[in-house]
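Participant: Mind having a look at this structure? Questions to follow.
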Amino acid sequence: MLSEPSGGANDVAIRASELNKHFRIYRWPFDRLREALLLDRRHYHTVVHALRDVSFSVRQGESVGLLGRNGSGKTSLLSVLAGTLAPTTGSVDVYGRVGAILALGIGFLPQYTGRENARNGLIALGVPSAELDEKMAQVVEFSELGKAIDHPIKTYSSGMHSRLGFSLAVCIEPDILLVDEALSVGDAAFQHKCQKRIRTFLEQGKTLLFVSHDMGLLESTCDRGIVLDKGHVVYDGMIKGAVRQYRLQYFGEEATASQPRDARDWGDPNVGLAGVEVLDAKPVGERLFEVRQGDRVHLKVRVRVREPIERPSFQVIARTALGKEICGYSTARSSTPVPQIQAGEFTLEVRVPFGVPAGSYSFEIGLFDMAGEKPRLIHIWEEVCAVRVVYAGYAVRGMIDPGIEILYDSRTYSLQAEVQRARDVSPESG
């Protein structure tokens with residue numbers, strides 16, 4: 001049962017208890033009528049179990065990512081929490097005003113204009129008549145739909161649907177925001193605007209449940225993750241662990257059967273590291289090295305495998321100490337395939353121009369086999385090594401310097417050029 005009292009006990013924003021949601025699927029429309037009229041004792045439907053005994057609670061101020069493959073029950077769960085679907089069995093308690101951005105177009109009448117749909121939505125969400133004009137103005141302004149706000153919804157693109165749905169949800173100033181893939185469509189500028197609004201929403205101590213297949217966005221937005229598989233909750237914990245569980249799902253049951261050796265090393269137990277070093281760097285601990293700002297980090301990784309890998313692919317990702325991805329590369333789509341790897345030991349070298357702010361960073365290396373219909377996970381080392389970057393006068397703006405150059409009056413200005421000039425005159429360089 002959906003409820004919205006002024007506050008929840010123990011700061012609970014959402015509580016779901018043994019939720020089950022079943023759908024009846026009929027092969028032909030007449031079968032539904034035939035079964036309803038009890039024309040005979042036969043059943044003409046099959047039952048799809050979208051949610052199975054789902055229980056969890058979310059505290060006020062938490063940001064929770066919902067992960068899972070297509071068909072795992074994510075959208076059904078958000079729809080039940082939003083009140084647009086009733087659970088077959090179980091209960092839901094929601095404490096506070098809910099703003100929901102579900103599958104594109106849900107709740108919109110295609111023959112009505114965007115303005116008419118937005119106004120009806122505000123009324124349905126309980127906005128007082130005295131505030132309708134003000135809220136409508138906010139929706140129109142935030143959506144940036146311009147004259148299209150007065151066009152029928154059936155003429156809208158998916159990006160325009162997203163603009164209107166997100167604007168409607170955030171302009172009612174909800175206590176709880178439910179988002180289902182809404183940030184995966186629309187232009188980059190509007191996506192950035194939405195992400196900025198979500199960050200502001202979280203800074204105000206409000207609650208977010210967020211469905212997305214963008215793992216980087218989930219890791220940077222959410223603290224906690226819930227993973228669904230065939231309607232069941234299979235993981236509920238830190239977002240990093242949820243992303244790992246989702247990746248194991250994606251790469252199939254054969255990968256899931258290989259349990260992680262520790263938090264940093266998981267996949268095929270027959271694959272392991274034989275050695276890791278960073279060339280031209282100072283070792284300061286186990287798999288920890290020290291480099292200066294602007295240095296090219298040169299990793300040398302030795303890997304031991306027991307079986308040949310027919311069509312290998314390598315993936316390298318650099319992350320901050322908080323786990324945020326700053327850059328990466330995969331050979332999966334390279335025009336030059338990686339040659340077959342034979343059983344035994346091989347060496348992989350990685351060179352990364354590392355113009356970053358001072359701090360600690362880690363490197364993740366993934367090994368995959370691309371020979372089948374979908375990539376097969378062989379192994380992932382989430383922290384194959386870490387580097388401590390020492391400040392060297394490299395005033396990086398943002399997370400990484402890609403080599404931006406400014407040309408004026410026949411001169412070239414860049415951070416990398418400044419660093420190189422400083423090294424050329426340094427006594428140590430001589």
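The values are calculated or read from the model by the stated rules, or taken from the named source; none is laboratory data. Nothing here was measured: the structure is a model prediction, and the numbers come from that model. Positions of Cβ are generated from backbone atoms using ideal geometry, with glycine treated the same way; all protein chains shown enter the neighbour counts.
Participant: List the number of the failed condition for I123; all other conditions in (1) within 26 Å of the chain's Cα centre (by Cα); (2) surrounded by fewer than 17 Cβ atoms within 10 Å (Cβ to Cβ); (3) not charged (D, E, K, R) hold.
Facilitator: Answer for I123: the failing condition is (1).
Participant: In region 367-383, how many are out of contact with any helix residue (DSSP H, G or I) (no Cβ under 9 Å at 6 or more places or on another chain) and at pLDDT 90 or above?
Facilitator: Summing the residues that are out of contact with any helix residue (DSSP H, G or I) (no Cβ under 9 Å at 6 or more places or on another chain) and at pLDDT 90 or above in region 367-383 gives 6.
Participant: For residues that are surrounded by fewer than 18 Cβ atoms within 10 Å (Cβ to Cβ), closer than 20 Å to L415 by Cα and not charged (D, E, K, R), tally how many sit in region 336-356.
Facilitator: Of the residues in region 336-356, 1 are surrounded by fewer than 18 Cβ atoms within 10 Å (Cβ to Cβ), closer than 20 Å to L415 by Cα and not charged (D, E, K, R).
Participant: Then there's this: Output the residues belonging to region 386-400 that are within 19 Å of V301 (Cβ to Cβ) and surrounded by fewer than 22 Cβ atoms within 10 Å (Cβ to Cβ).
Facilitator: Hits for region 386-400 are A386, R388.
Participant: Follow-up question, since we're still on this one. For region 177-190, what are the residues that are at pLDDT below 70, under 25 Å from T84 (Cβ atoms) and part of a loop (DSSP other than H, G, I, E, B)?
Facilitator: V185, G186
Participant: While we're on this one: For region 105-120, how many residues are in contact (Cβ under 8 Å) with a residue 12 or more places away in the chain and surrounded by fewer than 20 Cβ atoms within 10 Å (Cβ to Cβ)?
Facilitator: 10
Participant: All but one of (1) out of contact with any helix residue (DSSP H, G or I) (no Cβ under 8 Å at 6 or more places or on another chain); (2) over 25 Å from Y250 (Cα atoms); (3) modelled with pLDDT of 85 or more; (4) not in a loop (DSSP other than H, G, I, E, B) hold for A16; which doesn't?
Facilitator: That leaves (1) as the condition not met.
Participant: Find all pairs meeting these conditions: Cβ atoms under 9 angstrom apart; at least six residues apart or on different chains; first residue within region 340-359 and in contact (Cβ under 8 Å) with a residue 60 or more places away in the chain; second residue basic (K, R) and surrounded by 15 or more Cβ atoms within 10 Å (Cβ to Cβ).
Facilitator: Close Cβ pairs (under 9 Å, with a partner that is basic (K, R) and surrounded by 15 or more Cβ atoms within 10 Å (Cβ to Cβ)) amount to A358/R388.
Participant: Still on this model: When I172 is evaluated against the numbered criteria (1) free of Cβ contacts under 8 Å to residues at least 24 places away in the same chain; (2) over 20 Å from V64 (Cβ atoms), which criterion, by number, is the only one it fails?
Facilitator: Here I172 clears every test but (1).
Participant: Could I ask something else about it? Going by what's in this entry, would S72 be described as part of a helix (DSSP H, G or I), crowded, with 17+ Cβ neighbours inside 10 Å and hydroxyl-bearing (S, T, Y)?
Facilitator: no
Participant: Hey, does region 238-245 have a residue that's at pLDDT below 85 and either within 22 Å of H49 (Cβ to Cβ) or more than 13 Å from the chain's Cα centre (by Cα) (or both)?
Facilitator: no
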